[in-house]
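Single-structure report; data block below.
FYI, it's all coordinate maths here, none of it is from the lab. All of these numbers come straight from a predicted model, not from anything done at the bench. Positions of Cβ are backbone-derived with ideal geometry, glycine not excepted, and every protein chain shown enters the neighbour counts.
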Amino acid sequence: MKNFVIYNPVKLHFGKGVVAQMGPVAASLGKKALLVYGKGSVKDNGSYDQTTETLKKAGITTIEYPGIRPNPVVEDVDQASRLGRSEQVDMVIALGGGSVLDSAKYIAITIAAGHSCWEFVAGDKKPRKALPLIGILTLAATGSEMNAFAVVQNNREKRKLGYGHPLMFPRHSFLDPSFTCSVPKNHTAYGITDLVAHSLEAWFGEGESTLTDRFIASIIQEAREFGPALMQDLQNYTLRAKIMYAATSALNGLTVQGKKSQDWGVHAIGHCMSVLWDIPHGASLSVAYPAWLTLQQQRIPGRIRKLGQAAFNVATVDGTIRAMKDFFEQLGSPVNLAQAGIKTDQAALDALLEVLHINKASGLHHKLSGEDHRFLVRQMA
Ligand code: NZQ
Ligand code: ZN
């Protein structure tokens, strides 16, 4: 087991009605907020009304930046940062899914910096300060609410990359599972896929920590037990709450303690699909994971078999790969490019290979070569 430090400063408020407490929390951080949200789901599901009501009661002035798109892009983050800077806001409040929260994390460090957020991602600049950030989550998936990472897409460079810094932790995150009851079937499935994928990136990371492995397996078991049930009963608060808590737990540090790192190879592959075809994040992962496991089956059979035993109730490598694929299919998440709606002609496959190359798509632990990219693309077609 590696030496480790546990540091997670996010104050997480979980449960029905918690957003009513957000206004006083915001008032302790300042008087003026930049409220960032997406394309409009928050206005349909009541979360916008509850958020603005508590802010108004607490005397907070809000400036709005709507329109963050799924797979968020540099241009929106930079534009929102300019707005926040010119309005001299005291804090950033994110209302939405991972795309909104990730954008807000960049906005919080970019307002203070005065250059494009991409300079952080590209490694040219380091953040020196950040505005306080509050997250109000409406979709269970990414774990962004309780970590210091954010992913952004640069369409000009055909790159989608993650970046993390301790200044990017939200100060507070408010998670009311009832806000997720309006998430449509497809995005509910992608969210469950994503939380399982985060658990798998940890499982296949470098290093050994048996208790951490048990945490990981428990999160996958939770998703396997309650995910399919939720798909049949989308309005069920209890099931929404279980999945929301599982998603937070899958990427808040719990699944990496004592290990050197997660892997992130499959996420790197998935991001390339999002850059190229704007595939939803979770859907890209359910396409990539079966292919990645097939690539790895001769290299790390013991680790795959152990995963099967710990989390999928199967004893063989083949059985584990099949069980995972079946699970994604049972949820309704695609397991190949055709199911994700991509026409898999040679031009499309070549384009994916090119983007995998541009992004140097690889894992931290299990490195991927050009030959591996070609194998993966063939498998996913
Ligand atoms: O734009 P709106 O109208 O809000 O609609 C969104 C969007 O179309 C909709 N939605 C969200 N909450 C809803 C809802 N619809 C109905 N009811 C609600 N309550 O869902 C769609 C997808 O939203 P998005 O925020 O894109 O989804 P998700 O939470 O899966 O976030 C994906 C982004 O997070 C990144 C991904 O790469 C991707 O860009 N990730 C961030 C991570 C992190 N910060 O730690 C880790 C992840 O691995 C991931 O890479
Ligand atoms: Zn993910």
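Tabulated results
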| quantity | calculated |
| --- | --- |
| Peptides 120-128, 159-167 ordered by average Cβ neighbours within 10 Å, highest first | 159-167, 120-128 |
| Selected from Leu364, Leu307, Leu230 as most flexible by GNM, with the chain as the system and alpha-carbon contacts under 10 Å | Leu364 |
| Formal net charge of residues neighbouring Gly23 (Cβ-Cβ distance under 10 Å; K, R +1; D, E -1) | +1 |
| Shape call, the range 86-125: gyration tensor on alpha carbons, a/c limit 1.5 | oblate |
| Potential extension, Phe4-Ala112 segment - 0.36 nm per residue separation minus Cα distance | 35.8 nm |
| Candidates Pro334, Pro72, Pro24: whichever shows maximal mean-square fluctuation once the chain is modelled as a Gaussian network with Cα springs under 10 Å | Pro24 |
| Directionally averaged projected area (convex hull, Cα atoms, the range 185-380), nm² | 10.0 |
| The range 11-179 - share of DSSP beta bridges that are antiparallel (%, nearest 5) | 20 |
| Positive-end residue, the range 118-234 charge dipole about Cα centroid, Cβ charges, pick of Phe120, Ser144, Trp203 | Phe120 |
| Total charge dipole magnitude, the range 177-311, about the Cα centre, Cβ charges on Lys, Arg, Asp, Glu only, Debye to nearest 20 | 260 |
| Shape category assigned to the range 111-172 from the gyration tensor of Cα positions, a/c cut at 1.5 | oblate |
| Cα gyration tensor shape of the chain, rounded if a/c is under 1.5, else prolate or oblate by comparing a/b with b/c | prolate |
| Cα centre as origin, Lys/Arg/Asp/Glu Cβ charges: the chain dipole, Debye | 680 |
| Mean-position separation - Cα centroids, the range 37-75 and the range 97-165, in angstrom | 17 |
| Mean Cα-pair separation over length for the range 185-380, i.e. relative contact order, pairs under 8 Å, 6 or more apart, % | 27 |
| Sequence-separation-based contact order of the chain, relative, with Cα cut under 8 Å and 6+ spacing, percent | 16 |
| Range of Cα positions in the range 11-179 per principal axis (Å), largest first | 41, 30, 25 |
| Percent RCO, i.e. relative contact order, over the range 1-109, from Cα pairs under 8 Å lying at least 6 residues apart | 33 |
| Length released on extending from Glu371 to Phe14, taking residue separation times 0.36 nm less the Cα-Cα span | 124.0 nm |
| Listed residues Leu34, Leu200, Leu12, most fluctuating in the chain (Gaussian network, C-alpha, under 10 Å) | Leu12 |
| Antiparallel %, DSSP beta bridges [both residues in the chain], to 5 | 25 |
| Estimated distance in nm for a label pair at Lys260 and Ala351, the labels positioned 7 Å out from Cα along Cα-to-Cβ | 3.7 |
| In nm, spacing of pseudo-spin labels at Asp318 and Asp124 (7 Å Cα→C-beta vector) | 5.2 |
